[in-house]
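> To start, I am sharing the structure in question, which I have written as structure tokens.
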Amino acid sequence: MLKRSLTEDAQEVFRAIALIELGARMQVLESELTLSRDRMIRLYREVKGVSPPKGMLPFSADWYMTWLANIHASLFYNTYLFLKNEARCSHLDALTKGYRLYLEHCRHSETEPVLDLTRAWTLVRFFDANILQLTKCCRCTGKFVAHKHDLQHNVVCGACQPPSRAGKTKKAAAARQEAIEAAQVAEAA
Ligand SMILES: [Zn+2]
């Protein structure tokens, strides 16, 4: 066990609670925090009222490539990057704050969240592992999630080119556009 002050210990507990409230799985907690597994399980039960679910984490990067998931993942990852690089948040803060902002965007645009916290966390891991990259859309200039070696030029994002079958495209595209504008405003400031 790591030796640390009571304050540091309390901060870890609060971080764990924040992650659990947002829906983090045990694997996410174990990877991000230094609390003992027993304490995290106890915390999980206290916060959620049930034992943490068992089973594997989602691991396919292809999940983020389907049309709607790609729009949501791009929205979240752009927010995460802004918090980390511009607002100088730590990885963990950018993850929790970015995920809260993502949920707020969904609520605001009356869109069901597609990305759960574990998917958001896995997404960041795929970027860190150089499996995914952000590619600039040649129409809206927004950056969207793509495979590392996908084409970089003259590509169009999902929000600009929704499939014809998608019924709720307008809302999702509007949410995406709003997020892009918010990011541009933030960048210009
Ligand atoms: Zn676009």
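The values are calculated or read from the model by the stated rules, or taken from the named source; none is laboratory data. What you see is a predicted model; the values in this text were computed from it and never measured. FYI the Cβ positions are ideal-geometry reconstructions off the backbone, even for glycines, and counts take in every protein chain you see. Just so you know, the surface numbers come from the protein's heavy atoms only, side chains and all, with ligands and any DNA or RNA stripped out. Shrake-Rupley method; radii C 1.70, N 1.55, O 1.52, S 1.80 Å.
> Would you mention how many residues in the stretch 3-18 are part of a helix (DSSP H, G or I) and over 22 Å from the mean Cα position of the chain (by Cα)?
First, pick out the residues of the stretch 3-18 that are part of a helix (DSSP H, G or I): 6-18.
Checking the rest, the ones that are also over 22 Å from the mean Cα position of the chain (by Cα) come to 6-10.
Residues flagged as part of a helix (DSSP H, G or I) and over 22 Å from the mean Cα position of the chain (by Cα) within the stretch 3-18 amount to 5.
> Further question: Might you let me know whether the stretch 128-149 holds any residue that is assigned to a helix (DSSP H, G or I), closer than 19 Å to residue 86 by Cβ and modelled with pLDDT of 95 or more? If you could, list the steps in order and put the result at the bottom.
Of all residues in the stretch 128-149, those assigned to a helix (DSSP H, G or I) come to 128.
Cutting the leftovers down to closer than 19 Å to residue 86 by Cβ gives us 128.
Add one more test, that the residue is modelled with pLDDT of 95 or more, and what stays is 128.
Yes, that holds for at least one residue.
> Let me ask another. Which residues, counting only those in the stretch 142-167, are near the ligand (Cβ under 10 Å from one of its atoms), over 24 Å from residue 96 (Cβ atoms) and open to solvent by 70 Å² or more (accessible area, probe 1.4 Å)?
Looking only at the stretch 142-167, we keep the residues that are near the ligand (Cβ under 10 Å from one of its atoms), and these are 142-144, 155-161.
If we keep only those that are over 24 Å from residue 96 (Cβ atoms) as well, we get 155-161.
Selection gives 161 alone.
> Which one of 105, 72 is in the same structural domain as residue 147 (by TED's automatic domain parsing) and farther than 22 Å from residue 131 by Cα? First the steps, then the outcome.
Values: 72 fails: farther than 22 Å from residue 131 by Cα.
Among 105, 72, only 105 is in the same structural domain as residue 147 (by TED's automatic domain parsing) and farther than 22 Å from residue 131 by Cα.
> Among the residues of the stretch 23-55 satisfying the criterion of being open to solvent by less than 50 Å² (accessible area, probe 1.4 Å) and of a type in the set (Ser, Thr, Tyr), which is farthest from residue 5 (Cα to Cα)?
Restricting to residues being open to solvent by less than 50 Å² (accessible area, probe 1.4 Å) and of a type in the set (Ser, Thr, Tyr), the top hit is 44.
> Quick one: is residue 78 over 22 Å from residue 17 (Cα atoms) and away from the ligand (no atom under 16 Å from the Cβ)?
no
> Sticking with this structure for a sec: Mind checking which residues of the stretch 32-87 are assigned to a loop (DSSP other than H, G, I, E, B) and aromatic (Phe, Trp, Tyr)? Break it down into steps so the answer makes sense when it comes.
So in the stretch 32-87, the residues assigned to a loop (DSSP other than H, G, I, E, B) come out as 33-36, 49-60, 66, 87.
59, the sole residue that qualifies.
> Ok, one more. Quick check on my filter: what residues within the stretch 97-127 are assigned to a loop (DSSP other than H, G, I, E, B) and among the charged types (D, E, K, R)? Don't jump to the end; show me each part of the working.
Step one: of the stretch 97-127, the residues assigned to a loop (DSSP other than H, G, I, E, B) are 109-116.
Correct list: 110, 112, 116.
> Those residues that are surrounded by fewer than 19 Cβ atoms within 10 Å (Cβ to Cβ), polar (S, T, N, Q) and over 17 Å from residue 29 (Cα atoms), I need them from the stretch 111-134; list them, please.
130, 133, listed by residue number.
> Which residue, of 94, 73, 87, is free of Cβ contacts under 8 Å to residues at least 24 places away in the same chain and surrounded by 20 or more Cβ atoms within 10 Å (Cβ to Cβ)?
94
> Separate question: All but one of (1) closer than 18 Å to residue 102 by Cα; (2) among the β-branched types (Val, Ile, Thr); (3) open to solvent by 30 Å² or more (accessible area, probe 1.4 Å) hold for residue 17; which doesn't?
Going through (1) closer than 18 Å to residue 102 by Cα; (2) among the β-branched types (Val, Ile, Thr); (3) open to solvent by 30 Å² or more (accessible area, probe 1.4 Å) one by one, residue 17 breaks only (1).
> Out of (1) loosely packed, with under 15 Cβ neighbours inside 10 Å; (2) among the polar types (S, T, N, Q); (3) in contact (Cβ under 8 Å) with a residue 24 or more places away in the chain, the odd one out for residue 66 is which?
(3)
> Turning to a different aspect of this structure: Pairs needed: first member in the stretch 135-149, over 13 Å from residue 75 (Cα atoms) and basic (Lys, Arg); second member anywhere, within 7 Å of the ligand (Cβ to nearest atom) and modelled with pLDDT under 95; C-beta distance under 6 Å; at least 6 residues apart or different chains.
Every condition considered, the pairs that remain are 139/156; 139/160.
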